[in-house]
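Everything below concerns the one structure shown next.
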Amino acid sequence: MQREPTAPKIGVGKGAEGEVTSERPIYVTGMTTGISEDPSPWKAGVQAGKSAWEKLSRAKPDFVLIGATAGYELEPVVKGVLQSVGKDVPYVGVKTLGVIFNEGQIVSSGVIAAVVKSDSFRIIYSFGANIHQGLHSALEKACLPILDQIRARKAEGYEFLNLFLLMDSYINGDVLVTELSRIVDRYDPGISFYGGILDFAELSKECQLHVANQVVNGGIVCIGIYSKNPAAMGYGHGLHPIVPKRATKVGGNIIYHLDDRPAFEVWKEFLVKKGISEAEIIKDPTQFLGRYQFGVPDPNFPKYPKVRIAVGITREGGIKLAGDIPENSTVWLMEARKDRMTEAVSQSIDEAFTYVDQHKPLGAIVMESLHRYFSLGADFFSEVNLFQRKLAVPVIGFTTFGEFLRPKPEYKWFHNSSFALQILSE
């Protein structure tokens, strides 16, 4: 499969619904962000770090999260940011496909830095390598150093823990969530977590992590956010299930037959009924994979199927999805509609703010699936603008290939074409 193109350059803070502009106060504590589009990785890091640091009234941060788009060398980016904010500041750096954004800008080529300073949090990190040689081992190396601090942090008044995880290369998201839940539950089933897979390649050449003064490929980083208040999280996708079909022949992540017929033929008939010509489908079926996706049943939430994007068509007429499918399960043919996807974003932010309650929101971390760009086209930037306007706090956001989340022990999922966010509050 050919690599999906990154989103086109769309300028600074502009989308279908107008420009995002706001004058932010100078903070002594809180979260602040900076973005640079300088083509030099080191200069972009210096500029992004300096912009965020100056908004923090030049106070030394407790933690910095650094993001860069594909095309930037991550190591000089990190060195540039630390040159501005402090060489000994704890940090995590990531390089991702697609776009990055903060509260006022959206860029497809650049660097972002978010600095945090607050007594309301204790942010620590750890990482595991070689995830494809042993996922469970890599997860334990990433998570156990953080989980082992639960008792000490609670004694300091930080009663709640939310884990934010990122991996640069693709792994089976359903297996990941199951393994991660087992590890977390040994300590406390009430611990929440969320995160993103940055690439669809099993060993990414475009995406990377930078932790502990080294570049990591094929790794996983876990950021533990200890807080005095419950985690304020939002999530969803908004894709609309239309037609149910039975996956009567499946091999791993490939659906060969739907209702005992070649899967591609069934899907093609569905598209024709949606008003797309058969000739256009046959010429290039991949152009419709973003808008018309697939829903895999979730036994815990039958009305909220897990979204799986198709990543290719096989020679036999099978459809290859980004995730495994149980044979003889019901698979929904899904449609990406702007109104429903926008509504999902708006509702999720409202729900997250209910957990903030009377506390002051300081900032937000947002993951947006790159596949939402392929679903929405130019309207994707309107959706990012909605995050910016409705959150109305400093934001660090970036695109991912797959998203996973467990806000509660009984609710856990892995999706494509979804989003997840956390609001940090005092």
Whole-angstrom gap from segment 300-339 to segment 351-411, using each part's C-alpha centre = 23 Å
query = Within segment 46-83, what residues put their amide N at less than 18 Å from the label point 7 Å along the Cα-to-Cβ vector of Ser40?
reply = 46-51, 72-83
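To the nearest 20 debye, what charge dipole does the chain have about its Cα centre, counting +1 at the Cβ of each Lys and Arg and -1 at the Cβ of each Asp and Glu?
Roughly 260 debye for the chain.
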note = Listed by chain and number, the lysines with an alpha carbon less than 19 angstrom from that of Lys245, same-chain partners under 8 positions apart left out, are Lys268, Lys273, Lys274, Lys303, Lys306, Lys320
key: Extension gain, Thr354 back to Gln133 (0.36 nm per residue minus Cα-Cα distance, nm)   = 75.5 nm
query = Taking neighbour counts of Cβ atoms within 10 Å as a proxy for exposure, in what order, fewest first, do Glu206, Glu383, Glu327, Glu410 appear?
reply = Glu410, Glu327, Glu206, Glu383
Segment 240-335: relative contact order as a whole-number percent, Cα under 8 Å and 6+ apart = 43 percent
task = Using only C-alpha positions, report the orientation-averaged shadow area of the convex hull of segment 240-335, nm², one decimal.
result = 5.4 nm²
inquiry  = Which one, Thr29, Cys207, Leu289, is farthest towards the positive end of the dipole of the chain when Lys and Arg carry +1 and Asp and Glu -1 on their Cβ?
reply    = Thr29
ask   = Can you sort His132, His359 so the residue with the fewest Cβ neighbours within 10 Å comes first?
value = His132, His359
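Sort the chain into rounded, prolate or oblate with this rule: let a ≥ b ≥ c be the square roots of the eigenvalues of the Cα gyration tensor; rounded if a/c is under 1.5, and if a/c is not under 1.5, prolate when a/b is larger than b/c, oblate otherwise.
The shape class here is prolate.
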ask   = Dipole of the chain (Lys/Arg Cβ +1, Asp/Glu Cβ -1, origin at the Cα centre): which of Ser417, Ala138, Thr178 lies farthest to the positive side?
value = Ala138
task = Please work out the C-alpha center-to-center distance from segment 62-96 to segment 255-277 and express it in whole Å.
result = 46 Å
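Values quoted throughout were computed directly from the atomic coordinates according to the rules given, and no laboratory measurement underlies them. It should be emphasised that the depicted structure is a prediction, and the values quoted were computed from it without experimental measurement. Reconstructed Cβ throughout: ideal geometry from the backbone, glycine too, with neighbour counts over all protein chains shown.
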